Amino acid sequence: MPLSFFRDSITVQRAATTTKNGMQVFDWDHATTHTIDKIQIAGGGTSREYERTLNVSDTRTLRASYDADIQAGDRVIWNGDVYEVNGEVFHTKSPTGRVSSTRCQLVRWTG
């Protein structure tokens, strides 16, 4: 799909890291933010689980330009909802360079 169809924007939150009990952990209180324009987010699916409360997960696929600054572990704010990058971020070059893109999966849990 041509990048001209990428008409949305997101805010990316990237946590600082700190050492706690000898381990690297995310410090979301000192996160930095930046905006990425010209992205596309498509529905991925939802699931629900019942234990004591209803838990729902919402997955999405994010596509952006090849040089989009997004990493595994980042949080993404889109349409007022906070998603987490679920897994690795893939940067794919097309043979012609016209439709090179970045792609990753997002997930949001509620409940």
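If you go through the stretch 65-76 one residue at a time, do you hit one that is touching a residue at least 12 places away in the same chain (Cβ under 8 Å), under 21 Å from A16 (Cα atoms), in contact with a strand residue (DSSP E or B) (Cβ under 6 Å, 6 or more places away or on another chain) and surrounded by fewer than 12 Cβ atoms within 10 Å (Cβ to Cβ)? Lay out the reasoning, then the answer.
Applying the first criterion (touching a residue at least 12 places away in the same chain (Cβ under 8 Å)) to the stretch 65-76 yields 65-76.
Subsequent filtering for residues that are under 21 Å from A16 (Cα atoms) retains 68-76.
Next cut, in contact with a strand residue (DSSP E or B) (Cβ under 6 Å, 6 or more places away or on another chain) only: 68, 70, 72, 74-76.
Restricting the remaining residues to those that are surrounded by fewer than 12 Cβ atoms within 10 Å (Cβ to Cβ) gives 72.
Yes, the stretch 65-76 contains at least one residue that is touching a residue at least 12 places away in the same chain (Cβ under 8 Å), under 21 Å from A16 (Cα atoms), in contact with a strand residue (DSSP E or B) (Cβ under 6 Å, 6 or more places away or on another chain) and surrounded by fewer than 12 Cβ atoms within 10 Å (Cβ to Cβ).
A Cβ distance below 6 Å, combined with a sequence gap of six or more or placement on separate chains, defines the contacts here; from the stretch 79-104, residues that are touching a residue at least 24 places away in the same chain (Cβ under 8 Å) reach residues that are among the β-branched types (V, I, T) and not in a strand (DSSP E or B) in the pairs C104/V89.
Of the strands (runs of 3 or more DSSP E) that lie entirely inside the stretch 25-111, those containing 3 or more residues that are more than 9 Å from the chain's Cα centre (by Cα) span 54-65, 90-92, 101-110. Just one of the numbered conditions (1) at positive phi; (2) surrounded by 13 or more Cβ atoms within 10 Å (Cβ to Cβ); (3) not small (G, A, S) is not true of N79: (2). Looking at N86, is it out of contact with any Phe, Trp or Tyr (no Cβ under 7 Å at 6 or more places or on another chain), surrounded by 13 or more Cβ atoms within 10 Å (Cβ to Cβ) and either modelled with pLDDT of 90 or more or not charged (D, E, K, R) (or both)? Against the criterion (out of contact with any Phe, Trp or Tyr (no Cβ under 7 Å at 6 or more places or on another chain), surrounded by 13 or more Cβ atoms within 10 Å (Cβ to Cβ) and either modelled with pLDDT of 90 or more or not charged (D, E, K, R) (or both)), N86 qualifies. Among the conditions (1) loosely packed, with under 13 Cβ neighbours inside 10 Å; (2) at pLDDT below 85; (3) within 30 Å of T96 (Cα to Cα); (4) touching a strand residue (DSSP E or B) at 6+ places or on another chain (Cβ under 8 Å), S4 misses just one, which is (4). For the stretch 9-24, the set of residues classified as modelled with pLDDT of 90 or more, part of a strand (DSSP E or B) and out of contact with any Asp or Glu (no Cβ under 8 Å at 6 or more places or on another chain) consists of I10, T11, M23, listed by residue number.
The values are calculated or read from the model by the stated rules, or taken from the named source; none is laboratory data. In this text the structure is predicted, and so the values were computed from the model without any measurement. With ideal geometry, Cβ positions are generated from the backbone for all residues, glycine too; neighbour counts draw on all protein chains shown.
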